[in-house]
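Taking it in order: structure first as structure tokens, then the write-up.
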Amino acid sequence: MSYAFMNGEFLPLAEAKVGVMTHALHYGTSVFEGIRGNWNPEEEKMFIFQPREHYRRFLQGCKVLRMSLPYTAEELSRITVELVERSGYQQDIYIRPLAFKGTERVAVLKLQDLEDSLVIFTIPFGAYMDLEAAANCCTSSWRRIEDTMIPPSSKIGGLYVNSVLAKTEATLAGFDEAILLTQEGYVSEGTGENIFMVMDGKLVTPSTSDNILAGITRNAVIQLARNELGLETVERKVRRSELYAADECFLTGTAAHLTPVGHIDNYKIGSGDIGPVTRELQSLYFDVIRGRISKYLHWCTPVSNTVAKAYP
């Protein structure tokens, strides 16, 4: 059963509701995170991947929208563990924290005059994209939002209309995913993923100055590539044409995990299939997030499935 933690109490997800006049619904005044719970069938245990890192970014985003929540990142992590325990899922899940302006007023109002609300819920969540096939991507005609418009370093609700427009354009044209460019034409990111190239034995990825979200998965992959494969990651401006000449390409994100890319704008990337570096990183990453590699257990918060029986 899906549960939510809303404004200080646990309740069934079906009972977590807001009114149609809620400010965030009309004006996008919300901040959210996406956190994965990954089921390990051998241990019959759920592993939540880097919840504290997600909540630190979440609280930074709340500051941008002048929200003040009565919780630290550590406290939100503990609440999330209890929420996952109550739900008792024995499959991969998605955890969605959402802080929003809950005042029921239809007007463009000062952020500091609006009430802050919080909800966290869990739902079953499998593969966001096909991880066994290389994705077919395109560069979008929609440009990535600039920091001087809405800060892309935070997961602000209204900002994601930018991603929805790009994703819609791409899928209607027969592609799996869109890659957004900056106003200057440099590569930024996917609609919900960071992007990496493999070039000359190194990983190359756009820097934070190109209006990307500094992804939690992105950071983990950079560390795994360095520590386990001896691969350096170069963060710099990336021209669109460089994507076409890459040896390999892949996307990273909480929902997308590590998704290989085979074609971009009808250019074949490498062999057009999953490249060897991508496959090795993908395999390593999945072992890490399911708690199978002791060296990286500190990235995972375990939740025992048996605890769910203790809750009504």
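The values are calculated or read from the model by the stated rules, or taken from the named source; none is laboratory data. Keep in mind that this is a model prediction, so the values were computed, not measured. All Cβ positions, even for glycine, are placed from backbone atoms using ideal geometry, and neighbour counts span all protein chains on display. Areas reflect the complete protein model, heavy atoms only, side chains present, ligands, DNA and RNA absent. Shrake-Rupley method; radii C 1.70, N 1.55, O 1.52, S 1.80 Å.
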For this session: With the condition kept exactly as written, say whether any residue in the stretch 259-281 is open to solvent by less than 30 Å² (accessible area, probe 1.4 Å), over 18 Å from Thr233 (Cβ atoms) and of a type in the set (Ser, Thr, Tyr).
Result: no
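Residues checked against (1) open to solvent by 60 Å² or more (accessible area, probe 1.4 Å); (2) without any contact (Cβ under 8 Å) to a residue 12 or more places away in the chain; (3) in contact with a helix residue (DSSP H, G or I) (Cβ under 7 Å, 6 or more places away or on another chain):
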position: Ser163; (1), (2), (3): no, no, no
position: Lys167; (1), (2), (3): no, no, no
position: Ala170; (1), (2), (3): no, no, no
position: Leu180; (1), (2), (3): no, no, yes
position: Met199; (1), (2), (3): no, no, no
position: Thr208; (1), (2), (3): yes, no, no
position: Arg240; (1), (2), (3): yes, no, no
For this session: Take Ser2 and decide whether it is polar (S, T, N, Q) and modelled with pLDDT under 95.
Result: yes
For this session: Could you run through the stretch 200-240 and say how many residues are farther than 28 Å from Glu33 by Cα and in contact with a Phe, Trp or Tyr (Cβ under 9 Å, 6 or more places away or on another chain)?
Result: 2
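Considering each of Thr80, Thr72 in turn, give the residue that is more than 25 Å from His257 (Cβ to Cβ) and either in contact (Cβ under 8 Å) with a residue 24 or more places away in the chain or open to solvent by 30 Å² or more (accessible area, probe 1.4 Å) (or both).
After applying the criteria, what remains is Thr72.
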Exercise. Assuming Ile212 fulfils every condition listed in (1) surrounded by fewer than 22 Cβ atoms within 10 Å (Cβ to Cβ); (2) within 15 Å of the chain's Cα centre (by Cα); (3) under 12 Å from Ser188 (Cα atoms) apart from one, which condition is it?
Worked result: (1)
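Is the stretch 93-101 home to any residue that is over 25 Å from Thr29 (Cβ atoms), part of a strand (DSSP E or B) and open to solvent by 20 Å² or more (accessible area, probe 1.4 Å)?
Filtering the stretch 93-101 for residues over 25 Å from Thr29 (Cβ atoms) gives 93.
Narrowing further to those that are part of a strand (DSSP E or B): 93.
Those left that are additionally open to solvent by 20 Å² or more (accessible area, probe 1.4 Å): none.
Scanning the stretch 93-101, I find no residue that is over 25 Å from Thr29 (Cβ atoms), part of a strand (DSSP E or B) and open to solvent by 20 Å² or more (accessible area, probe 1.4 Å), so the answer is no.
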